[in-house]
1. Tell me the Kirkwood radius of segment 2-222: reciprocal of the mean inverse pair distance over distinct alpha-carbon atoms, in Å.
2. Taking R0 as 35 Å, what's the FRET efficiency between Arg220 and Val163 from their Cβ-Cβ distance, rounded to 0.05?
3. Applying 1/(1 + (r/R0)^6) with R0 = 22 Å to the Cβ-Cβ distance of Glu10 and Ala196, what FRET efficiency is obtained, to the nearest 0.05?
4. Considering the dipole of segment 105-146 built from charges on the beta carbon (Lys and Arg +1, Asp and Glu -1) around the Cα centre, which of Val105, Thr135, Ala119 is farthest to its positive end?
5. Which order do peptides 83-89, 138-144 fall in by mean Cβ count within 10 Å, highest first?
6. Which loop-located GluC sites (Glu not before Pro) does segment 1-103 contain, where loop means any DSSP state but H, G, I, E or B and the Cβ has at most 11 other Cβ atoms within 10 Å?
7. Please report the antiparallel percentage of DSSP beta bridges with both residues in the chain, rounded to the nearest 5.
8. Please compute P(r) over all alpha-carbon pairs of segment 67-195, binned at 10 Å starting from zero, and give each bin as a whole-number percent.
Amino acid sequence: MDARFLGIAEISEAPSVAVVIDVMRAYTVAAWAFARGAEKIVLAESLDDALALKARHPDWVALKDGPPAPGFDAVNSPGLLRSADLAGRTVVQKTTAGTVGALAVRDASLVLCAGFVVAEATARTLRSHGCDDVTFVVTGEDGRAEEDLACAQYIARRAAGTVTDAAGFLHRAGASRAATELKEGVREGAHPDDVALCLELDRFPFAMVATPEGGLMVLRPHDVPSVGDTAVT
């Protein structure tokens, strides 16, 4: 598999297949939202767009980075979201990097959003689609976020069928700037368990696919077909 690892600003044209990585915390949060029963997640262009969607659909759950804010129902923290009852609900998500990355590749034929919690399901989806040319969007820190790059590289190896020990990749993510800031309480709207939750490998069995729906970019969970691994070393 031909894998490229690009920051958001480096995307000049729509790739064929894109995997958008945001480990800490957008796509860990998204996975938890689906695990808590959410039907779909609308990826908003801006905070104003998120609030406008919420105004038109009062039953939707609006979620953002940082501290709580008027008009928003939740913050971008897996630790704070994991006990929410989202059964059948639509979530509107706007984050600093993760949602921006997905919107930047909205014209790709296949857009997967991922973190370590859905790593294997994402890799299996790429294998089942026979994806030979994949662009991994490293959303954090202008493409330099170590936790996102480590996750992208791990998924790329698994998608290629390579037997891979995840420990080193998880260690890199756990030692990243984002992890340190979350542990030290630098980032607002966080929970003490956020880093540990973001580093739970394969916590969920589904992949997350984003597609245009009615002018919006919508993320949904997708069951992964059973496919045999063609592992190589």
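1. 16.9
2. Efficiency, rounded to the nearest 0.05: 0.70.
3. Given R0 = 22 Å and the Cβ-Cβ separation, E is 0.10.
4. After comparing all options, I get Ala119.
5. 138-144, 83-89
6. Those satisfying the criteria are Glu13.
7. Of all bridge pairs located within the chain, approximately 30 percent are antiparallel.
8. 11, 37, 37, 15, 1
Computed from the coordinates by the stated procedures, all read-outs in this text should not be read as laboratory data. Note that this is a predicted model, so its numbers are computed, not measured. Neighbour counts run over all protein chains shown; Cβ positions are idealised from the backbone, glycine included.
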